[in-house]
Amino acid sequence: MNPPELRYSKEHEWLRVESDGTAVLGITDFAAESLGDVVFVELPDVGSELGQSEKMGEIESVKAVSDLYSPVAGRVIERNERLIDNPELVNSGPFDSGWMLKVELSDASQLDQLMSAEEYESFLESQE
Amino acid sequence: MTVSDELRRTPLFETHVSLGGRMVPFAGWEMPIQYSSILEEARAVRSKAGLFDVSHMGRVDFRGADAASVLDRSLSVSVPGLRIGRARYNIICDEAGGIIDDCIVYRRDEQRFLLIPNSANTGAVLEWVSRWVSSADDVQIDEVTTDLAMIAHQGPEAASMLSDLTPADIASMRPFAAVETEVGGVPTLLARTGYTGEDGFELILPSDAAPDIWRALMDRGAVPCGLGARDVLRLEAGLLLHGNDMDRSTNPYEAGLERFVNPDREGYTAGEALRRARDDGVSRRMVGFNMVGRGIARHGYAITHGSEQIGEVTSGSHSPTLDRSIGLGYVPTGFSAEGSRVQIDVRGRSVEAEVTALPFYSRKRSA
């Protein structure tokens, strides 16, 4: 269920490197499922600088509020504006229509610190 | 100490697990918070019907010639005046007028009553009511929580789903009617009551029969719902939750529950304090508010006016039925009028909110 072409963080974010070297990121199906129905997503403005593992926004479900952390350092070049009015996209398509940000990476070597799909699945099992 | 060892399970526990319910600790019980999605479950209750396991709530049986007068000492509305076959919403206050719990009382017979306190408060309610019983009273008080299960079947289609399962004349049952009947061949106290703001029923029945009746109602199209949907639905309906929206530090006049209080009865233990609250007025009031800005108010967030904190949010959620963010909280009476503007401190962000009339949602009534 976790697409093999993505990279994963321990905070349950995913990241996809595009052909132009930018990265798209969102939260995993596991994270969306744990949160339950997402009703509010707050994302940083385009142009913001994100630090690795720093808080970059908030996601709120019917039940609870969670912080979003950036798995890499970079500058926001695009955000998924559809999530403002349709936060449920995070539940219905966490790996595609529920994407959150597109960033320009500050340091591509940080990608090596992320997990493969297989490693992420082992990580999830170890958390149970 | 491991908490999980002490969690109690209702007779429907296995049913919840087999249906994929996500089980969480709640007031000492292991209960389903949701099955599929809180929003989908809430919508099912508003559009057709949902099922809730409310077996964790307390059930206390009162019998005897003095049962009515014993209850009348502690409950906020006259108990002797309650007719057989009727249920009534009541508040239980301490001598200072603080709210120990809210509950439903059913009159099953001239000398027999059933009281349904909240699960977390069952012990406190029993202790409080028993305090005012003397040796001269003819009353037998028994907690029967585990002998009986309780299922809430709520939604516009609940009545039609139930009709072929029971000989009771469903159509003639008005809200808060309670009849001794059978459902699916099982002896049941069937009441037209609930906590969702929707038409519906609550079934009190022997524990061992609960899973079969639950399945029978599911077969007729009722959707299993968890505590998450229940909390959203009761908030939309403007129904308070004890422990969140009221407790012993609040009285019924502050909580906006004065229509459920008659403090002028002889022998009512909270009468004096509540008469004072009524006659002197209160300085703060429970209000409902709509968020004007983006954000969701949560229990414990500050309500502010300018830079000053004036109150606190007691409940808040996104409302799936109304598609907006709603909440409850206490504010000084000067801010309690409809249309008053206040702000909610949403994790450091000041978000505009407007006081509105309760309930947020009321169902369309046919006829």
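The values are calculated or read from the model by the stated rules, or taken from the named source; none is laboratory data. As the structure is a prediction and not an experimental result, all values here were calculated from the model. Note: ideal-geometry Cβ built from the backbone for every residue, glycine included; neighbour counts use all protein chains shown.
Some points to look at:
- Residue, nearest to the other protein chains (Cβ to nearest Cβ), within the range B:44-72, restricted to residues that are in contact with a Gly (Cβ under 9 Å, 6 or more places away or on another chain) and among the charged types (D, E, K, R): B:Arg46
- Scan of the range A:61-85 for residues that are within 13 Å of chain B (Cβ to nearest Cβ), over 14 Å from the mean Cα position of the chain (by Cα) and part of a strand (DSSP E or B), ordered by number: A:Ser61, A:Val65
- Among residues of the range A:57-73, those that are at pLDDT below 90 and of a type in the set (D, E, K, R), counted: 1
- Filtered residue count, the range B:212-236, keeping only those that are closer than 13 Å to B:Gln154 by Cα and crowded, with 19+ Cβ neighbours inside 10 Å: 11
- Residues of the range B:274-293 classified as touching a strand residue (DSSP E or B) at 6+ places or on another chain (Cβ under 7 Å) and either farther than 28 Å from A:Val39 by Cα or at pLDDT below 95 (or both), total: 5
- Only one entry of B:Thr122, B:Thr145 meets the criterion of being part of a loop (DSSP other than H, G, I, E, B) and closer than 27 Å to B:Asp212 by Cβ, and that entry is B:Thr145.
- Candidates in the range B:199-242 are the residues that are over 30 Å from B:Leu358 (Cβ atoms) and in a strand (DSSP E or B); of these, the one that is farthest from the other protein chains (Cβ to nearest Cβ) is B:Pro206.
- The listed residues are A:Glu128, A:Glu58, A:Glu121, A:Glu104, and the only one of them that is of a type in the set (Asp, Glu), in contact (Cβ under 8 Å) with a residue 40 or more places away in the chain and within 28 Å of B:Ser36 (Cβ to Cβ) turns out to be A:Glu121.
- Condition met for B:Glu127 (outside the structural domain of B:Ala222 (by TED's automatic domain parsing), part of a helix (DSSP H, G or I) and modelled with pLDDT of 95 or more): yes
- Residues in the range B:223-250 that are under 17 Å from B:Val125 (Cβ atoms) and in contact with a helix residue (DSSP H, G or I) (Cβ under 7 Å, 6 or more places away or on another chain): B:Leu241, B:His242, B:Gly243.
- Exclusive hit being free of Cβ contacts under 8 Å to residues at least 12 places away in the same chain, closer than 30 Å to A:Ala64 by Cα and among the polar types (S, T, N, Q), set B:Ser47, B:Ser37, B:Ser55: B:Ser37
- Any hit, the range B:37-48, residues being touching a Ser or Thr at 6+ places or on another chain (Cβ under 6 Å), farther than 12 Å from B:Leu227 by Cα and crowded, with 20+ Cβ neighbours inside 10 Å: yes
- Evaluating B:Gln34 against the criteria (1) within 14 Å of another protein chain (Cβ to nearest Cβ); (2) under 17 Å from B:Val261 (Cα atoms) leaves one unmet condition, (2).
- Verdict on B:Thr304 being β-branched (Val, Ile, Thr), under 24 Å from the mean Cα position of the chain (by Cα) and either modelled with pLDDT of 95 or more or outside any strand (DSSP E or B) (or both): no
- Just so you know, in the range A:26-58 the residues that are in a strand (DSSP E or B) and closer than 16 Å to A:Leu105 by Cα include one that is nearest to the other protein chains (Cβ to nearest Cβ), and it is A:Met56.
- Among residues of the range B:281-301, those that are within 25 Å of the chain's Cα centre (by Cα), within 14 Å of chain A (Cβ to nearest Cβ) and either surrounded by fewer than 17 Cβ atoms within 10 Å (Cβ to Cβ) or not in a strand (DSSP E or B) (or both), counted: 6
- Here the condition is being more than 21 Å from the chain's Cα centre (by Cα) and not acidic (Asp, Glu); of B:Ala229, B:Ala216, B:Ala222, it holds for B:Ala216 alone.
- Restricted to the range B:192-211, and to residues there that are crowded, with 22+ Cβ neighbours inside 10 Å and more than 14 Å from the chain's Cα centre (by Cα), the residue that is nearest to B:Ile116 (Cα to Cα) is B:Ile204.
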